[in-house]
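A.B. asks: The structure's right below; bear with me while I get my questions together.
All of the numbers you see were taken from the coordinates with simple rules; none came from a lab. If you're wondering where the values come from, they're calculated on a predicted model, not measured in any experiment. Reconstructed Cβ throughout: ideal geometry from the backbone, glycine too, with neighbour counts over all protein chains shown.
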């Protein structure tokens, strides 16, 4: 179960498993910082179902880096590959209530696509959530837009769009659909175990490395620009100089965090 922070991943799992141990955030702050496994028995089919809750990629979090999230997900997937355990389905949650598809949503989706690979697209369910936050017409319009634009490649590859209205029934419908699918491996497993690539050289790792490089370049430029501003300030304007120096110090801390994240990816 994947998707951005605050899309309802843990709520979806808690509803199915009736497990109070599944922590749920009350806002866009994630309660999940690790890969967690939850089990339940589907009384309709009699199947034992294993659900895997994953942290979202979100560079605004302080408790865990996106590199660490990628590593945790990759390590879990590789452990299942080594056990010769395949995945029946991959559920990707997205809020239909979001008025636009922002940069963070785009990065999450791109990482997901590159983790899975095109051969696994047929095992994907794009599960739209927060339908109670929009009118029926608005929700339908956004759903159609998502299908025809941002998720068009996944849909063309066989992924199915489904809706979750916070009911147990809609959650069980997702499980029922996934149970009909042939189990599959995903791209990152094959890249590392068969092709012998390191994490940073996988498709998902390369996407993340490019994002890290982009942010590093942006912060370096901002720091240089602030340095020039500070040097140009008149000596009698100490308050402005102090304000800019504090801003520069904060940017320097962010830069160091991203440099550490880049090193962590190797």
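A.B. asks: Simple spin-label model, 7 Å along Cα-to-Cβ: residue 194 to residue 222 in nm?
C.D. replies: Distance between label points: 4.1 nm.
A.B. asks: In nm, give the distance between the simple-model label positions of residue 138 and residue 37, each being 7 Å from the Cα along the Cα-to-Cβ direction.
C.D. replies: The two pseudo-label positions are separated by 4.2 nm.
A.B. asks: Now a separate question. Hey, what did segment 199-265 get for relative contact order, percent, Cα under 8 Å, at least 6 apart?
C.D. replies: Rounded, it is 48 percent for segment 199-265.
A.B. asks: Shifting gears a bit: Looking at the chain as a GNM with Cα springs under 10 Å, which of 80, 110, 241 has the largest mean-square fluctuation?
C.D. replies: 241
A.B. asks: Fewest Cβ neighbours within 10 Å first, please rank 11, 239 accordingly.
C.D. replies: 239, 11
A.B. asks: Compute the relative contact order of the chain as a whole-number percentage, counting only Cα pairs closer than 8 Å that sit 6 or more residues apart in sequence.
C.D. replies: Taking the mean separation of contacting Cα pairs over the length of the chain, I get 19 percent.
A.B. asks: Could you tell me what percent of the DSSP beta bridges with both partners in the chain are antiparallel, to the nearest 5?
C.D. replies: Bridges in the chain are about 35 percent antiparallel.
A.B. asks: Could you state the per residue volume, in Å³, of the convex hull enclosing the Cα atoms of segment 112-162?
C.D. replies: Normalising the Cα hull of segment 112-162 by residue number yields 71 Å³.
A.B. asks: Angle check, please: helix 136-148 long axis (alpha carbons) against the longest principal axis of the chain (alpha carbons), in degrees 0 to 90, nearest 10.
C.D. replies: That helix lies at roughly 80 degrees to the long axis.
A.B. asks: What are the semi-axes of the equivalent ellipsoid of segment 199-265, taken as the square roots of 5 times the eigenvalues of the Cα gyration tensor, listed largest first and rounded to whole Å?
C.D. replies: Output for segment 199-265: semi-axes of 33, 10, 6 Å.
A.B. asks: Something else now. Which value, to two decimals, describes the C-alpha radius of gyration of segment 51-119 once divided by 2.2 N^0.38 Å?
C.D. replies: Normalised Rg, Cα atoms only: 1.22.
A.B. asks: How far, in nm, would the chain grow between residue 119 and residue 100 when pulled straight, counting 0.36 nm per residue and subtracting the alpha carbon separation?
C.D. replies: Stretched out fully, the residue 119 to residue 100 stretch lengthens by 4.0 nm.
A.B. asks: In whole angstrom, how far apart do the alpha carbon centroids of segment 89-113 and segment 211-250 sit?
C.D. replies: The two parts, judged by their Cα centres, are 33 Å apart.
A.B. asks: How do 258, 131 line up, fewest other C-beta atoms within 10 Å first?
C.D. replies: In increasing order of surrounding Cβ atoms, one gets 131, 258.
A.B. asks: Counting only C-alpha contacts under 8 Å and six or more residues apart, can you give the relative contact order of segment 122-193 as a whole percent?
C.D. replies: Over segment 122-193, the number comes to 46 percent.
A.B. asks: Using label points projected 7 Å from each Cα along Cα→Cβ, tell me how many nm separate residue 169 and residue 246, to one decimal.
C.D. replies: 5.6 nm
A.B. asks: Something else now. Using the Kirkwood radius over Cα pairs, work out the Stokes-Einstein diffusion coefficient for the chain at 10 °C and 1.306 mPa s, in µm²/s as a whole number.
C.D. replies: Once the numbers are plugged in, D ends up at 78 µm²/s.
A.B. asks: From the gyration tensor of the Cα coordinates in segment 109-266, what semi-axes in whole Å does the equivalent ellipsoid have, largest first, with each one equal to sqrt(5λ)?
C.D. replies: Largest first, segment 109-266 gives 44, 25, 12 Å.
A.B. asks: Something else now. Mind telling me which of 111, 162, 141 comes out most flexible in a GNM of the chain, alpha-carbon contacts under 10 Å?
C.D. replies: 141
A.B. asks: Tell me, what is the FRET efficiency for residue 50 and residue 257 to the nearest 0.05, using R0 = 35 angstrom and their Cβ-Cβ distance as r?
C.D. replies: 0.55
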